[in-house]
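Colleague: Encoded as structure tokens, here's the structure I'll be asking about.
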Amino acid sequence: MALQTIVDVESAVARLRAGGLVALPTETVYGLAGDASSEDAVARIFAAKARPAAHPVIVHLPSVSAARSWASHVPSWAVALMETFWPGPLTVVVPKAPAVLDVVTGGQPTVGLRVPAHPMTLQVLEEFSGGLAAPSANRFGTVSPTTAVHVVAGLGGVLDPERDAVLDGGPCPVGVESTIVGAWDDAPRLLRPGAVTADQISAVTGREVCTQTEGVRTPGSTATHYAPRARVVLVEADQVDKAATTANGQRVALLALRDVDGPPDLPRLAEPADADEYAQVLYSALRTADDSGVDLVLAVLPAPAGLGMAIRDRLRRCADGAAR
Ligand code: TXA
Ligand code: MG
């Protein structure tokens, strides 16, 4: 029996209540969800992903009010963020409530909380009426899935078709993982860039956003966390021709905004018109590279504005030269 792709919320909720895992669509990427109050369900998530135990997982909730019971304290500026951006692509890391399981927090005193903005998943969360632990629905270290087909390709062989399933909610509109903000003291700390920008966080909180996160443990920020099999090399827009000609017989492809010129015979993995489109297609483009046997991806970073910051972050992590 193969892993089932389902489209009804009821069946997803029934599986989650029975301790099963369901890959859920969100506006960012698909998440592999299980009951965040069940040690066994969370352990199964880690096993399916082959994820190291010390990596904390985000708890997904239906509303700001539901978030309060998972935190021991939420700074007022963080409440403002939740009220402004939820449901949406923002995770807020707060001091955890005593009952939050160590398997969820990786033994840390904090917990990451998020209300995702996908209608089907919000309905699942409302009906489930608990928290759902959900890391991205991919094997550890591989590219995050933005379609149900990607989830099946990565996890179809490891999930239990009797108990688990994939809820198909279509392609994820944002395409890269949520912005993560640390909110355990007076300063908002940007732990991972995403669709909610540092400027937006600063405008809502009236505080300067700290982007220096040395000493803060964010396990997802390890290099190669978002890597395809193909080698990824970052190139400047005006160096594409040169880089392509020195590729010596390797199968090369270009990943860049549409207005970046390359040699006419160099295949393009995508042709995004702007940073929003670039984010949307980023992970499927990296998968296309692997599926079509590309050895070398020449990637041109977009400008560091809006979603461009998140794209730059993810591409740098999977690029050549990142510590392996
Ligand atoms: O958009 C997203 O955030 C997606 C969707 C499914 O919601 N989820 C996601 O989960 O990207 P994951 O597990 O792949 O990445 C979560 C990141 C990890 O880097 C983890 O270290 C960090 O969140 N994180 C979670 N809880 C944390 C905590 N208490 N302190 C610091 N970092 C935390
Ligand atoms: Mg992930």
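Colleague: Would you tally the residues in the range 211-265 being closer than 17 Å to LEU191 by Cα, open to solvent by 90 Å² or more (accessible area, probe 1.4 Å) and either at pLDDT 95 or above or within 16 Å of ligand 2 (Cβ to nearest atom) (or both)?
Modeller: Residues flagged as closer than 17 Å to LEU191 by Cα, open to solvent by 90 Å² or more (accessible area, probe 1.4 Å) and either at pLDDT 95 or above or within 16 Å of ligand 2 (Cβ to nearest atom) (or both) within the range 211-265 amount to 1.
Colleague: When only residues in the range 142-194 that are basic (Lys, Arg) and away from ligand 2 (no atom under 16 Å from the Cβ) count, which is nearest to ALA303 (Cα to Cα)?
Modeller: ARG189
Colleague: Quick one: which strands (runs of 3 or more DSSP E) sit completely within the range 136-196 and have at least 3 residues that are under 16 Å from the mean Cα position of the chain (by Cα) and in contact (Cβ under 8 Å) with a residue 60 or more places away in the chain?
Modeller: Those strands (runs of 3 or more DSSP E) span 179-182.
The values are calculated or read from the model by the stated rules, or taken from the named source; none is laboratory data. Everything numeric in this text was worked out from a predicted model, so none of it was measured. Please note: Cβ atoms are built from the backbone with ideal geometry, for glycine as well, and neighbour counts cover all protein chains shown. Side chains are part of the model used for accessible areas, which takes the heavy atoms of the whole protein and leaves out ligands, DNA and RNA. Shrake-Rupley method; radii C 1.70, N 1.55, O 1.52, S 1.80 Å.
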